[in-house]
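Here is the structure we will look at.
None of the figures in this text is laboratory data; all of them are computed from the coordinates on show. The structure displayed is predicted, hence computed values, not measured ones. Virtual Cβ from ideal backbone geometry, glycine too; neighbours counted across all protein chains shown.
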Amino acid sequence: MDETNRSIAKRQIARLLGSSSNPIYVISEEDSLVFANEALGRLVGRSPESLLGLSCNSPIPVDGNPNAQLSAFFSLPIHWPRRILKLQPEFGPIPNIHASPTDPTIPLAQSQWMRCLIPLEENPGCVLCVLCPTPMGTIRELVDEQAAITHQIMRENRYRYAHLDSMWYLQGRSVEVRRALEQVQLAIANPLSLTVFGQKGSGRSWLAQSIQSRRKGLQSNDRKFSIGDSMIRIDCSLMDAELLQSMLEVIEESKINARAEPTVLLDNLEGLPEECIAILASFLKSHEATVCIATCDPKFIQTLPMTDLRWRQVLTRTSILRIDLPRLADRLEDIPTLISAWFCDQRSADVPTKEITDRFIEALIAYSWPDDIEELADALSHATKNATSEKLTDKDLPVNIRTCVSHIEQSQGDESVDLDAILEDVEKTMIMRALERFPQNKTSAAKILNISRARLLRRLQQWGLQSESGTVDGEDDSPVFNEVR
């Protein structure tokens with residue numbers, strides 16, 4: 001077809017889309033709405049022209065954006081590579097300008113709409129979206145209900161709880177998460193001392209710093225809201241009496257220079273040495289105006305004797321408000337939503353979009369998560385970086401997750417386990433860690449692995465990491481001498 005006929009065909013298609021009774025819109029590669037027909041305008045109560053240019057890059061509405069509800073509704077599934085046809089049911093009501101943008105009562109019931117997402121080959125990255133009033137049950141294999149559910153959960157949480165930007169680790173529908181979110185809302189709105197209770201790895205330090213950031217944002221809009229502009233972090237697990245005293249002196253100097261009380265973050269409070277308890281208790285008693293945010297393991301509090309008055313004094317001072325973070329192992333049903341929220345949070349870091357498979361989610365649910373939500377973040381980062389295709393499977397996860405006993409037990413009875421591949425993967429992981437420790441000396445690397453240097457070289461050559469000259473990634477194996485002064 002020549003250019004003239006091609007142009008005529010495009011105009012005819014555009015007229016057909018514009019006059020269609022189905023609501024239709026197009027999202028560009030940059031997640032901007034570039035086309036909307038009259039039917040869509042009638043559905044949401046807006047003119048099609050006013051919708052053009054709307055940014056639709058996240059299902060989590062942004063504070064202060066009057067179009068936040070519509071932007072979240074029009075946004076595409078977060079981990080969809082935009083190369084295949086996808087059908088997505090809509091849950092809850094369709095956003096309308098007459099509806100409250102912060103309405104917390106959004107029922108998770110399927111509406112009459114099904115969204116058909118069609119990649120446009122001539123414009124890579126652009127997607128044609130058609131809202132169909134029928135269930136389209138004849139092609140159920142293309143329907144992604146899980147993506148629709150997680151999409152709606154993230155929107156619902158954002159309507160119900162403000163200031164959730166970047167708090168991807170607090171997404172979900174479990175009762176424990178909802179209780180924690182209520183406590184976070186209260187902590188952000190009240191500039192009082194608080195303690196975030198959670199096991200190490202639960203994201204408690206992330207949350208403490210996020211609360212301080214949100215409090216500062218509210219402070220700029222409310223004259224009655226008063227906290228220090230800065231936050232000084234004290235890692236209690238690294239302190240001794242002398243170092244703690246020095247840190248407290250820094251806080252004093254900061255107060256004098258800034259003429260305001262800085263917020264003090266007492267991180268890992270359960271690791272505070274015995275010799276430091278009296279020093280910290282005395283400081284907190286003499287600085288009643290200082291706002292403290294502490295992080296602590298709840299199991300540690302349970303082991304404290306009731307007669308330990310110094311600890312009770314510290315905890316009473318720092319726990320005016322409290323937040324209880326649930327363990328990831330206690331809310332495994334939230335994992336699909338957490339995956340979507342993590343990918344959404346990583347968009348600014350140019351993390352490549354990947355499609356999530358059922359096997360990937362099953363492996364994550366089967367794992368026990370001893371290091372909690374921070375281990376999940378590391379696992380998702382590892383899988384994304386090491387994936388060899390556009391789909392993430394259990395084989396892309398770290399070896400300790402995909403080889404855990406509970407995951408293998410969940411495998412289907414007729415599915416074989418490649419034991420040799422698993423053992424080789426473990427061996428490769430251990431060898432690469434040893435080489436990271438001794439990048440220029442393979443003899444030392446082989447020694448800490450208790451294998452011969454020849455075996456190490458054979459393995460590297462087998463994996464394509466060994467050159468003819470016997471070097472790894474350009475490194476030599478010459479003796480390393482440390483200069484003696």
Point-to-point label distance, R42-E424, nm (Cα→Cβ direction, 7 Å offset): 6.2 nm
Difference of contour (0.36 nm per residue) and Cα-Cα distance, R179 to T443: 89.6 nm
Under 12 Å, Cβ to Cβ, from P133 - net charge with Lys/Arg +1 and Asp/Glu -1: 0
Cα gyration tensor of the stretch 330-462 - equivalent ellipsoid semi-axes, whole Å, descending: 30, 19, 14
Three-way shape call for the stretch 175-324 based on the alpha-carbon gyration tensor, with the a/c threshold at 1.5: oblate
Spacing of the two label points (7 Å from each Cα toward its C-beta) at S230 and N22, in nm: 6.0 nm
Computed label-point distance, nm, for sites A278 and I301 using a 7 Å Cα→Cβ extension: 2.6 nm
